[in-house]
1. For segment A:2-249, what is the convex hull (Cα atoms) projected area averaged across all directions, in square nanometres?
2. Counting only other chains, and only Cβ atoms inside 10 Å, what mean value do you get across the residues of B:426-434?
3. Return the long-range amide H neighbours of B:GLN306 (sequence gap of 5 or more, or a different chain), with a cut-off of under 5 Å between placed amide H atoms.
4. Name the residues whose placed amide hydrogens come within less than 5 Å of the amide hydrogen of A:GLY58, ignoring near sequence neighbours (fewer than 5 apart) on the same chain.
5. Tell me, what HN-Hα J-couplings in whole Hz come from the Karplus equation 6.51 cos²θ - 1.76 cosθ + 1.60 at θ = phi - 60° for each residue of segment B:404-420, using x for Gly and Pro?
6. Between B:THR425 and A:ARG107, what FRET efficiency comes out of the Förster formula 1/(1 + (r/R0)^6) with R0 = 41 Å and r the beta carbon distance, rounded to 0.05?
7. With the convex hull built on the Cα atoms of segment B:290-340, state its orientation-averaged projected area in nm².
8. Largest first and to the nearest Å, give the Cα extent of the protein assembly as shown along each principal axis.
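Only the coordinates and a few stated rules stand behind these numbers; no lab work does. The model shown is predicted, which means the values in this text are computed figures rather than measured ones. All Cβ positions, even for glycine, are placed from backbone atoms using ideal geometry, and neighbour counts span all protein chains on display.
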Amino acid sequence: MLSIKDLHASINGKEILKGVNLEIKPGEVHAIMGPNGAGKSTLAAVLAGRELFEVTKGEVIFEGKDLLDLAPEDRAREGIFLGFQYPIEIPGVSTVNFMKTAVNEHRKYKGLEPLKASDFLKLMRDKKALVEIDSKLTNRSVNEGFSGGEKKKNEIFQMAMLEPKLAILDETDSGLDIDALRVVANGVNKLKTPENSTIVITHYQRLLDYIVPDVVHVLFDGRIVKTAGKELALELEAKGYDWIKEELVK
Amino acid sequence: MAKEEQDKILDEVTQSDYKYGFSSDIDTDSIAKGLNEDVIRLISSKKNEPEFMLEFRLNAYRHWLTLKMPEWAHLDIPPIDYQEIIFYAAPVQKAKLESMDDVDPEIRATFDKLGIPLDEQKLLSNVAVDVVMDSSSVKTTFKEVLAEKGIIFCSFSDAVQDHPDLIQKYMGSVVSYRDNFFAALNSAVFSDGSFVYIPKGVRCPMELSTYFRINAENTGQFERTLIVCEDESYVSYLEGCTAPMRDENQLHAAIVEIIVKDNSEVKYSTVQNWYPGNKEGLGGIYNFVTKRGICEGVNSKLMWAQVETGSAVTWKYPSSILKGDGSSSEFYSVAVTNHHQQADTGTKMIHIGNNTKSTIISKGISAGKSNNSYRGLVKVVKNCEGARNFSQCDSLLLGDKCGAHTYPYLEVHNKSAKVEHEATTSKIGEDQIFYCNQRGISTEDAIGLIVNGYAKEVINKMPMEFAVEAQKLLAISLEGSVG
Ligand SMILES: Nc1ncnc2c1ncn2[C@@H]1O[C@H](COP(=O)(O)OP(=O)(O)O)[C@@H](O)[C@H]1O
Ligand SMILES: [Mg+2]
C-alpha cells in the first residue's frame, strides 16, 4: 500500500526528515512513536503534500503511484487522510457544506455523480452515529470554537465520511479524557477493514491499548531507529526514550 | 440557499475570467466626444426634454466647472480628460417598443448572455427589469402588472415625459447637483436610468431590478435612479452592472436618490460587476457613485445591501439620512478587490430624528496588489435623542501585497447616543487552504468556500436569486488570487 524509501525533507533549509524508510501493507496498523520534535508531524505533513516542506530526496509509492507527484487534494482523493494534530478552524463554513464539498470532490475524482441531498444527509447521520459525534458540533462552522477534544472527534468524523485507504492520525489522543479516547479509538476500530491501513502517531502507550498496532516504530531525529511488535510501546512507556538514544550511540 | 446551488456555483467558478467581457455589435447613436453647453443642449433635445430639465442640466454643468475632482479618497487615479469621453450613446432602435419581440435581437442576445430575465417566461420569476445599455433604457418589463397597483417603474426618460411633476418635485432633492464633483457631472449629462414610484399603502409584489450595461467604446455612463415610497409602502429594488473588456478606462458616474415616507420600507441591493481591468491593471471602469436615501417619515426603513466585485476604481458611499423619528437604516456590504483594483467605499448614517437606529456591516476582501478602504461616517446631530448605531468592519486579506484600511468617523453631538464600532482583520491562512486540500478540495474551491462563508451575513440579506449571482461573482473575482 505505502512504501517510503530514504525520504528527506526540510523546512527553510533545515533538514527535519533524514532518511525515513517505511513499508505498510493493506489492513495493517502501524504506530509511530518518538519524542517531541522528532519529525512525526513533519512526516505526516509531507505524506499529505504540505508545500511548506521541501522533499529533497527519496520516494514514496502509494498504491503503485508516485505520491510526491500528486497535488495535496489529489492525494486526499486517492485515499490518504490526515487527522491533524492541531485541526484548523474555518469560520463561516458549515461542517455540512464543507463535508458535502469534500465528499463530492472525492466522488467526482472516481467518476461518480454528486450525492443527492437526501443521500448525503443519510450518510452524515450514519457516520455521526458511528463516531458518536453530536449534531450540535456538525451544525457549526468547521472546528470554530471547538474544544481540543471536540476537534479530534471531528477529525474522526471526517475520516468516517471520506473512508480513506490510509489514515494518518497525528496525536489524535492528545487532549482527550479517557471517555473521549475510548470513543475516538472505537470509531477508528469500527472503520477498519482488511483493505485499509492506519498510521497512529502518538506519544503515549495509552491509545495503543484501544487501537492495537501490528508494528511499532520509533522515530528519532528524523529517522526510524527501531521497529518491533506492539510490546515495544510498553517498553517505551516504562523506560522513556533515553535508552534508545544510548543504544544508538553504542 | 440550497447547498446544491452553492456546489454548482463553485463548479462553474473554476473556469472563467471576467465572463461578462463580450461586446455587442449594435448600431449606436452617439454624439461627438467632449463636453460643453452645446453637448448638454444636444442631449436634452435628443431626449425631447421639457425646459426645466435643460435648466437643471445647465445649472449643474456651470457648477461643475467650478469644482475639482476630490482627492481625499484613498485612491490613485490618473487625471481624466473629459474632452475625450462621449457623453451620449444609445442603441438605435426603430420605433417605440410595445412588446418584447420588438427588442433588437442583438440587444436581446446580449442580455441573454448576461442571464437577465428579459424573456416572457422569466417574468414568472417575479422580477421586473429595466435595462439600461450605454445611456439609454432599452426595455422595462412588467409595466402593466405594476400599473394596476399604481406603481410606476420605468426608465428615467419615460418618467420625464410621462410624470414630469414627480421628477421636478423629487429629482435633486436628496442629492443636489451641488453635492460633489461627480454629482454635478451626472446632473449635467445623465442620459437615463430608472424611476420607481410606490403609492401610499402599496407593497410592491415583486422585486424591481435594473441592469446597467456599458457597451460602446469611449463612452461614459451617467445614469440616475429615483425611488419614491409614499406612506405605508414597500419595495425591494436591485441593480446589476456589467461592461465589456476594453483596454481604456471608462467612466461611470451615477446618482441614486431614495425617499422613504412614514412607515415605509425600501431595500436596495446592488451587485456591481463592472469590468475591473486585466491582471496587469489595464482598462476597467472608473466607478464614482453618489447614492443617498432619506428616511423622511416616522418609522421608515432603508436597507442597503451590496456586493461589489468590479471596477478598476470604486468610489462609493451609500448614505442614509434618518430624519423621521424611529426611522432606521442598515448597510450590508461586501467589497472585493483583486489584482490592481482600488476601492474606497463605505457609508454615512446621519441621525436627525429621535430614536433612530443604524447598523453597518462591512466586509472587505482584498487580494493581489489591490487596495480596499472602508470609510464610514456616523453622525448624530445635537437635537437627536436616543440614537443607536452598531458598526462592524471586517477585512479579509489574501496574500501580503494587498491592503485594507478602515476609516471610521464619528460625529456625535448628543450624549444620549449609543455608538459601537468593532473591526477585525483576518487572513485566509495557508493552513486553512491546506486543511481543505487535505479533504480533497482544490485551492480555488477552498477560497470560494471560505470567502462565501465570510460574506454570508451580507449575502443573506439579498433577494435569493441575486444572492446566487453574488456568490458566483465572489468566487470568480478571486480566481488566481493565491499562490
Ligand atoms: N513550520 C515550521 N517551521 C520551522 N520549523 C518547523 C516547522 N514545523 C516543524 N518544525 C521543526 O521540525 C522539527 C520536527 O517537528 P515535528 O515534525 O512537529 O515533530 P513532532 O511531531 O515529532 O513533535 C522540530 O524541530 C520543529 O521545530
Ligand atoms: Mg507532532
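1. 13.5
2. 4
3. B:THR270, B:TYR332, B:SER333, B:VAL334
4. A:HIS8
5. Once rounded to whole Hz, the list reads 10, 9, 10, 10, x, 10, 10, 10, 10, 10, 9, 5, 6, 6, 10, 10, 10.
6. 0.65
7. If I average the Cα hull's projected area over directions, I get 3.5 nm².
8. 103, 58, 46
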